[in-house]
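Every number here is computed from the coordinates shown, using simple stated rules; none is lab data. The structure displayed is predicted, hence computed values, not measured ones. For neighbour counting, all protein chains shown are included, and Cβ atoms are generated from backbone atoms with ideal geometry for every residue, glycine included.
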Amino acid sequence: MHDFIYLHGFASGPQSAKAKDLRDRFAQLGIPLHIPDLNQGDFTHLTLTRQLQQVEAELPPAPATVTLIGSSFGGLTAAWLGQTHPQVERLVLLAPAFGFLSHWIPQLGYEQVQQWKTEGFLSVYHHGEEKMLPISYRFAEDAAQYREAEIQRQIPTLIVHGEHDEVIPLQSSVEFTKSRPWVRLVEVDSDHALTNVSDQIWQLVYEFCDLKLKNAV
């Protein structure tokens, strides 16, 4: 038994363009793609720890295996789950949010960060809800505890990252891949959303996950 789980990005949801596109493509092969809602109806109190715990509870018990496909913050989540759970057999990371605090905090600027810290909440645009929603400062405090250098479990990993990513620079995936020979990085002509390369992503996923073989079974 092998499961496939897709983890959407920060301020996104199960109905995102990438989530629906991959779900439909998997469905054409008769393979279910499970897409949990990582907002849990409470985006404001989202943390990486909460997200990890939520997906942990949905992983199949060993010896069953699972492929995790994660986008952006969902990609970071998938990478951590791959480190800590032996039933995670394979990872597909789409513009994974490695080092995202180091990219995001400077964009906010000193004054906005101090205000977030003081007031406890920051308004961000939630693409899934299509409106501004508050996110607790606990989100930043929690994420700062995680050190990506500790992600060292040698499992087959495919990273697809846009050369023009304006949110998480391509360099973050380049650096992650350098010291991990089991990780394959494919650079594509796209931005963070990766919406213009959906066919290319599917071809990579299809081959990397041996879906032709699974479909035959």
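Using the Karplus relation 6.51 cos²θ - 1.76 cosθ + 1.60 with θ = phi - 60°, the per-residue 3J(HN,Hα) values for segment 69-77 come to 10, x, 10, 6, 5, x, x, 4, 4 Hz, with x marking Gly and Pro.
In plain terms, the C-alpha convex hull of segment 159-217 casts an average shadow of 4.5 nm² when viewed from every direction. The HN-Hα couplings worked out from phi for segment 52-57 by the Karplus form 6.51 cos²θ - 1.76 cosθ + 1.60 (θ = phi - 60°) are 4, 5, 5, 6, 3, 5 Hz, whole numbers, x standing for Gly and Pro. For the chain, the antiparallel share of DSSP beta bridges with both residues in that region comes to about 20%.
Ordering 16, 102 from the fewest to the most neighbouring beta carbons within 10 Å gives 102, 16. In terms of overall dimensions, segment 99-217 has a Cα radius of gyration and Dmax of 17.8, 57 angstrom. If a paramagnetic tag sat 7 Å from the Cα of residue 65 along the Cα-Cβ line, which residues of segment 93-121 would have the backbone N under 19 Å from that point? It comes to 93, nothing else.
Just need the relative contact order of the chain here, percent rounded to a whole number, with Cα pairs under 8 Å and 6+ apart. For the chain, the relative contact order is 21 percent. The computed Rg/Rh (Cα atoms, Kirkwood Rh) for the structure shown corresponds, within [x] 0.95; [y] 1.08; [z] 1.03, to [x]. The 3J(HN,Hα) values that the Karplus relation (6.51, -1.76, 1.60; θ = phi - 60°) gives for segment 140-156 are, in residue order, 5, 4, 5, 5, 5, 6, 8, 10, 5, 4, 7, 7, 9, 5, 8, 10, x Hz. Gly and Pro appear as x.
This ranking places 182, 80, 202 by how few other beta-carbon atoms lie within 10 Å of each, fewest first, which gives 182, 202, 80.
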